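Remarks on the structure that follows.
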Amino acid sequence: MPESEQKEIFYDWLKKYKGLLFKVVRAYAFNLHDQEDLFQEITLQIWNSIPNFRGDSAASTWVYRVSLYSAISWSKKEKKHSTGKQSLDGVSHMLTEISSFKDGRVEWLYKQIAKLNEIDRSLTLLLLDGFSYKEMSNILGISESNVGVKINRIKKDLIQKSQEDFKNGV
Amino acid sequence: MEFEDMKKIWDEQNNENIYAINESELHRRVIRKKNRVKRMINKFELTLLVAMICCGLVTTIIGILHNQLYKLLDALIFFMVAGYIYKSRRDRIKYEGQSNLSLLDDLEQTIRSLDYHAKRYKYFLLWYMLPIFFTILINATFHYSKPWWLWVAFVAFFGFAYWAVKKELRCKILPKKEDLLHLRSLLLNDE
């Protein structure tokens, strides 16, 4: 694939799915420096994945899958290198936080997601973004029944936690 | 709060711009990082390949010029190792171009790739060090005049190489594989 075509697809996907990427970034990285690092990693993997995309699934599903896998791999790596890290380049920033969420409960949701293990985090993001069990099963490579069991557990835990937290005025 | 409420709250962020992207900076970094990794791997593989071919050629020329036919055996070993490196490189490039379908596929592929690297490390002594060792041994058999400390240095070098390879395997590759196996079990449990 010529680089010009790859670049065109890349920017098209970036424009269409940046909201999706930000959600993944926010669920797996917890400060701006790490978010920028993860965003860079995800975009690199998306760039590399473009020649392999054959259109068997929707582009959004493809981008989500690549993003989740990159985030999981990144978070495994980051656990070992979380201290003494230098700034990425020290010169210009690629990602700037320009505002915060209007509804504070979004932050609460991200905090709950952050407490889950890497796989449950992916499932929760997919669930909240309205993916069906079948799509989740395809993205993750596990059976629909397995997805169902996990989702039920995650939903139950989230509802229970929200009842506890909001009852206590958190 | 019910789950449907959480979903509504979640969807609201789609209309909010939390981050701004510096696109030119992003493109610069993506291309730079991609090229850096590619360059590093290519450099490593090609250096080894060229080194083995050069060693093979030099050994062949010396063998023919000095009429030392045993040197041709050394050369043959070098060429065989070069062939093995070339095949590994081709397999890697072919493997990289494969399209992945799911997270589990990605995990399985990465685990397989780590297994492949682990195997390469385990057999490092066999594939890379043994040819050199045989060369030295063959030379030692035909030339008795080398000082004793040179042989000690060779043995020490092999010892160090063995230690370094084992350390890399134990400290980097195996823990990474364990992490991935843990992820895979997280993904597959509740089945």
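Structural remarks
- Going from the fewest other Cβ atoms within 10 Å to the most, the residues B:PHE44, A:PHE10 appear in the order B:PHE44, A:PHE10.
- Taking all pairs of distinct alpha-carbon atoms in the protein assembly as shown, Kirkwood radius in angstrom: 23.9
- Per-residue ellipticity at 222 nm from helix content only, as computed over the protein assembly as shown with -39500 (n - 2.57) for each DSSP H run of at least four residues, stands at -25500 deg cm²/dmol.
- Amide H partners (placed H, <5 Å) of A:GLY141, local residues excluded: B:LEU103, B:LEU104
- Each principal axis of the stretch A:100-170 carries a Cα extent, and these read 38, 25, 19 Å when sorted largest first.
- Residue exposure sequence - B:LYS122, A:LYS115, A:LYS150 - by fewest surrounding Cβ within 10 Å: A:LYS115, B:LYS122, A:LYS150
- Summed residue charge, Cβ within 9 Å of A:LEU44's Cβ, Lys/Arg positive, Asp/Glu negative: +2
- Mean-square fluctuations from a GNM of chain A, with a 10 angstrom spring cutoff on Cα atoms, peak among A:ASP120, A:ASP56, A:ASP37 at A:ASP56.
- Kirkwood-type radius of the stretch A:1-61, with distances r between different C-alpha atoms, in Å: 12.3
- Local charge for B:PHE79 was computed over the other residues whose Cβ lies under 15 Å away, with Lys and Arg +1 and Asp and Glu -1, and equals +1.
- Dipole axis of chain B (+1 Lys, Arg; -1 Asp, Glu on Cβ), positive-most option in B:ASN14, B:LEU181, B:LEU69: B:LEU69
- Sequence of B:THR59, A:THR96 once ranked by neighbouring C-beta atoms within 10 Å, starting from the fewest: A:THR96, B:THR59
- For A:LYS102, a cut-off of 12 angstrom between C-alpha atoms picks up these aspartates and glutamates, skipping any fewer than 8 places away in its own chain: B:GLU12, B:GLU16.
- Helix runs (DSSP H) in chain B reaching 24 Å along axis by Cα, Kyte-Doolittle at least 0.5: B:148-168
- Estimated vicinal HN-Hα couplings, Hz - the stretch A:125-135 in sequence order (Karplus 6.51, -1.76, 1.60; Gly, Pro = x): 4, 5, 5, 5, 8, x, 6, 6, 4, 5, 5
- Spatial extent of chain B: Rg and Dmax, with the Cα atoms as the point set, Å: 25.4, 88
Read-outs: derived from the displayed coordinates by stated rules, not from any lab. No experiment lies behind these values; they were computed from the predicted model shown. For neighbour counting, all protein chains shown are included, and Cβ atoms are generated from backbone atoms with ideal geometry for every residue, glycine included.
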